[in-house]
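The values are calculated or read from the model by the stated rules, or taken from the named source; none is laboratory data. This is a predicted model, so every value here is computed, not measured. With ideal geometry, Cβ positions are generated from the backbone for all residues, glycine too; neighbour counts draw on all protein chains shown. Please note that ligands, DNA and RNA were not included when accessible areas were found on the heavy atoms of the full protein model with its side chains. Shrake-Rupley method; radii C 1.70, N 1.55, O 1.52, S 1.80 Å.
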Amino acid sequence: MAEALAAIGLASNILQFVEVGITAVRSAHKLYKGADDLSKADKELELLTRNVKLTLHRIQHNAHVKLPDDLRALITICGPLADELLSLLDNLKIDPEKDKRVESMKKTFKAYRTRHEIKDLSERIEKIRIRICDHMNVEFMTNLVCKEVNVLVFEDEQAKLQRTAWSITDLATERPWEAVDNSNTDSQLTSNVPARAPTSSRGHSNLNGKQLTGRESRTLAVHGPTFGEGVRQAFQDDRPQGFHDLVRLTAEFSSQLRFHRPANRVLRSLHFNEIKERQADVTSAYKNTFEWIFDDDSTVTFHEWLRSSKDDGVYWIAGDPGSGKSTLMKFLLNHQGTTRILDEWAGKTHLATGNVIQVGHFFWSAGTSVQKSQEGLFRTLLFQIFLKRPKLIPKLCPQRWADDELAGTFQTWTRSELFATMKRLIEILSPDCRICMFIDGLDEYYGNHKELIDVLREIGSSPYLKICVSSRPWIEFRNAFERGRWKLQVQDLTQRDIRNFVTGQFDSVEIVELPEDDDSWTTEALIEEICRRAQGVFLWVFLVTRSLIRGAGNGDNMRDLQKRLNELPTDLEKYFEVMFDSIEDLYRQRTARIFSSLVHVDTTLPILIFHFFDVEERCPDYAYRKDKIKPMTESQVLRIVKPKRHQLIAQCRDLLKLSVDQHEPAMLRDRAGFLHRTVWDFLRTENMTQLLSHRSGPGFEPRLSLSNAFLAMCKIIPHEWVSSGLIQMSRIMRFVLGAVSYSQQLEAMNDCADEPMLDELQSTVKVLVSSTSWQRFTPTEMHILSIEDLAVRCGLYHYIGLKVPKATAKDRARLLHQALRPSLNVHGEGGLITSAGTGIDLKMLRLLLDLGVSPNVPSAGARSVWELFITEVSSAATGSGSPQGASTFEACRLMLSHGADRIVTINNSEIDVTQFLRDRFPDQEQYIPGPCNDSNSDDQGVASGLVSALGSLMKGMWGY
């Protein structure tokens, strides 16, 4: 009982810390902004900071409850930060013995100078507070109420417990949710969640290292509010029955928790870092544009298609480059008008909105491979569907629902598994379970477009599923959709929207009009001319309007603006040429290097990367020098990023687009990428590629600069951020995989390894994780701790060729074991790792064997790598285990030819591997080496090794 009461006291202290943190950050923000009542603001912040320290002290020194190491580490970090903040605040106090007016002025200027530091400290304390709150999760309540506490003692402690329950509800609901969509999640899961506005700025939830925001997080955290609200109601009853209600609610909560753990596993396996990136990057519709699509009197058939109850197939939105297709698709996906009409289709009243599941995917040719593949399409759609209807998961994914081992590994979903799951989904759709999909950019899909169209038609065959797609009017899409009734051409329908946009932009601009100007030189005439030349291309209108407004800001009169407009080409590519040529000579080399790098990357880049490009100009080996690259605080990062944003805008004209994601840490928060896909297409043309190469200067290689920059990103992470959990391992993985990705490309291009960079990367990662508990890593994250292991599976052949001769027997066994796993493709900074789909990398396996790594080298315990592999192949033959197929057979044949034992022990029984392979791969029997007796196996192994070594020597000497 004493332990339970101590736990209650600890909970009260932690929750007091939660409440104080919110108020403290608000006070710091006021001080940062320069509140009028400076003394009141700093006194309030000082009081709250001291309260934080006191509460931390009580939590840390609770003798009855042992704190987890991670929580104790966070508290240890927070204390000195609070002391530093208090010291700053002490310096702002006015000395009563001195002239008050003079002192007030001095302290005001001092407060102004230190406002960034105060804000930085308060934000760091807030981040640590959030981490402490995460440790104090709802399961704490579950363990607490399961204690056999006497009812009389419970009544004495009721007030404390009530505050705890209320605060837990606040903790679970007061998050900065940003709605991902407007439709409801499973009603049974959310019926008791109280709606409330966000009241504080906090970090977003994470899903075992993967960062989710908005309704994604809310769905996964739904137990907290449901349980907490029930606790509140239980405490409104003063009778002892309230305690029994609390226990009942806790039991129900535990049952829900058992459901959501496997649901989280499946959602995590579908999720990938860039799942919302393209949709978020698409420009939102300008006010009062695209509303015509819902007009009943309009000739556009979209609203009629939404209402139709017939099996009417796919709706096609076609448009020229830059016409606004993606913006329209984003508008439709999120618009209440879409939801309202879909509810009519579902036969529901206007009182019950959101009955149809609305999901969307935006292909992106300039993105990672998953963003332009069928795999990414299906993962995105299934993730959103399961997020809104989690009860579908055990029906559609029974194996993944039951299997704990599939989560958190490299064995991601295959295309066949995803497609089979989609087909099962279509089969269970019904009048009560309908879906509407919005799929943007079919022309940006990387693959056979006809095959993609066939897939969409197959899954769109259900009368309870609607699919709206968009693309450029390419011939394959014309052949598929043009004959149908359900289509529209965007550029033919946006004349009114373009006029609305241009007029709105010029409303806030004052244009100089000369006395001699006649009626033909008016703002209205200028707007009319822009609309006439636009030809429905919204991107051209946006760029031209920006140029004209910039000119008006420089004092251009109406004649000047007309002349400027006449000089601007109406063709987008020619317009880009004008913009590119207008870059000042001083910036041309730097901008050429920026553009060259962005052409090679899979996605947008953190702006901090471009800062490292500048450092590289002055010091090419900066990434390896401790005096050049050191751990940075968030405030140091921000001091670099802010001026760099302005430089990019000035140097790159309008060809770049800058974005900010407030949920990311400072080093990832500000990003830069091409303004539009058409810019990327333009810069990839042969002429522009040659021009960029010439302007970049001799010796510049974008992939080398990128790999060094990502190494530098790893090195600037403060070590305590990792140990305290202030930065997730998934973030570090993005930097590591970015460096490995470009190093892999460099090796393939130059036919040699970038050994210094990869070795430095290994040392950096080792230092970062040295003070962190191994239990904090998921299986996927564990693999990046060894760059050599990653190199084996990613095909860095030259690097491994340099490492194997120096490796110990234990290291050789580990590398061989990695070579027998499915190969990986690494795709840049996005941190995406996918199975190659073809199984084992036989080239890497042959390299290791030719370098003398024996298949019989001991691995785990007394068993050899070869024996473990055959055991896995054997289990795969019975329907589970490791991958099968041609690569597995070839791997076995290779290792047998390199001296692998023909007799191995599996499940305490000896088997002949050659006979096993004949049974397992009967169609490959002619390629299986014949049996030999044990007395000759060692001699054959030695001979095989000599032959392989001789072959390698001859290849090195004569090139074959």
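The table that follows gives values for the structure above.
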| quantity | calculated |
| --- | --- |
| Pairs where the first residue, in segment 74-85, is part of a helix (DSSP H, G or I) and the second is open to solvent by less than 70 Å² (accessible area, probe 1.4 Å) and of a type in the set (D, E, K, R), C-beta under 8 Å, 6+ apart | 74/131; 78/129; 81/124 |
| Output for segment 663-697, where each listed residue is under 30 Å from the mean Cα position of the chain (by Cα) and in a loop (DSSP other than H, G, I, E, B) | 663, 664, 665, 675, 676, 684, 685 |
| Extreme residue, modelled with the highest pLDDT, among residues of segment 583-636 that are over 22 Å from residue 757 (Cα atoms) and either outside any helix (DSSP H, G or I) or in contact with a His (Cβ under 9 Å, 6 or more places away or on another chain) (or both) | 592 |
| Selection from segment 783-799 of residues that are surrounded by 22 or more Cβ atoms within 10 Å (Cβ to Cβ) and either more than 14 Å from residue 761 (Cβ to Cβ) or among the basic types (Lys, Arg) (or both) | 792, 793 |
| Filter result (touching a strand residue (DSSP E or B) at 6+ places or on another chain (Cβ under 7 Å) and closer than 28 Å to residue 392 by Cβ) within segment 275-305 | 278, 279, 282, 302, 305 |
| Residues of segment 689-727 classified as among the aromatic types (Phe, Trp, Tyr) and either open to solvent by 10 Å² or more (accessible area, probe 1.4 Å) or farther than 23 Å from residue 670 by Cα (or both), total | 2 |
| Flag for residue 320 being free of Cβ contacts under 8 Å to residues at least 24 places away in the same chain and in a loop (DSSP other than H, G, I, E, B) | no |
| Members of segment 602-620 found to be more than 28 Å from residue 684 (Cβ to Cβ) and open to solvent by 70 Å² or more (accessible area, probe 1.4 Å), listed by number | 618 |
| Checking residue 666 against (1) surrounded by 16 or more Cβ atoms within 10 Å (Cβ to Cβ); (2) touching a residue at least 40 places away in the same chain (Cβ under 8 Å), the condition it does not meet | (2) |
| Cross-chain or 6+ apart pairs with Cβ under 9 Å, segment 620-636 first and within 16 Å of residue 763 (Cβ to Cβ) and β-branched (Val, Ile, Thr), then buried (at least 16 other Cβ atoms within 10 Å of the Cβ) and at pLDDT 90 or above | 629/612; 629/615; 629/622; 629/623; 629/711; 629/712; 629/715; 629/716 |
| Single condition residue 686 does not satisfy, out of (1) under 25 Å from residue 617 (Cα atoms); (2) open to solvent by 40 Å² or more (accessible area, probe 1.4 Å) | (1) |
| All positions within segment 307-345 that are open to solvent by less than 10 Å² (accessible area, probe 1.4 Å), β-branched (Val, Ile, Thr) and under 30 Å from residue 576 (Cα atoms) | 317 |
| Condition met for residue 595 (touching a Ser or Thr at 6+ places or on another chain (Cβ under 8 Å) and in contact (Cβ under 8 Å) with a residue 24 or more places away in the chain) | no |
| Residue check, residue 804 open to solvent by less than 40 Å² (accessible area, probe 1.4 Å), at pLDDT 90 or above, out of contact with any Ser or Thr (no Cβ under 7 Å at 6 or more places or on another chain) and not in a helix (DSSP H, G or I) | no |
| Residue match in segment 87-108 (condition: in a helix (DSSP H, G or I), modelled with pLDDT of 75 or more and hydrophobic (A, V, I, L, M, F, W, C)) | yes |
| Subset of segment 271-290 that is over 13 Å from residue 383 (Cβ atoms) and aliphatic (A, V, I, L, M) - its residue that is least open to solvent (accessible area, probe 1.4 Å) | 282 |
| Of all residues in segment 637-662 being open to solvent by 40 Å² or more (accessible area, probe 1.4 Å) and assigned to a loop (DSSP other than H, G, I, E, B), the one that is farthest from residue 610 (Cα to Cα) | 662 |
| Residue 840, sole failed condition from (1) of a type in the set (A, V, I, L, M); (2) modelled with pLDDT of 90 or more; (3) open to solvent by less than 50 Å² (accessible area, probe 1.4 Å) | (2) |
| Residue list for segment 400-418, restricted to those being modelled with pLDDT of 55 or more and either part of a loop (DSSP other than H, G, I, E, B) or surrounded by fewer than 19 Cβ atoms within 10 Å (Cβ to Cβ) (or both) | 401, 402, 403, 404, 411, 412, 413, 414, 415, 416, 417 |
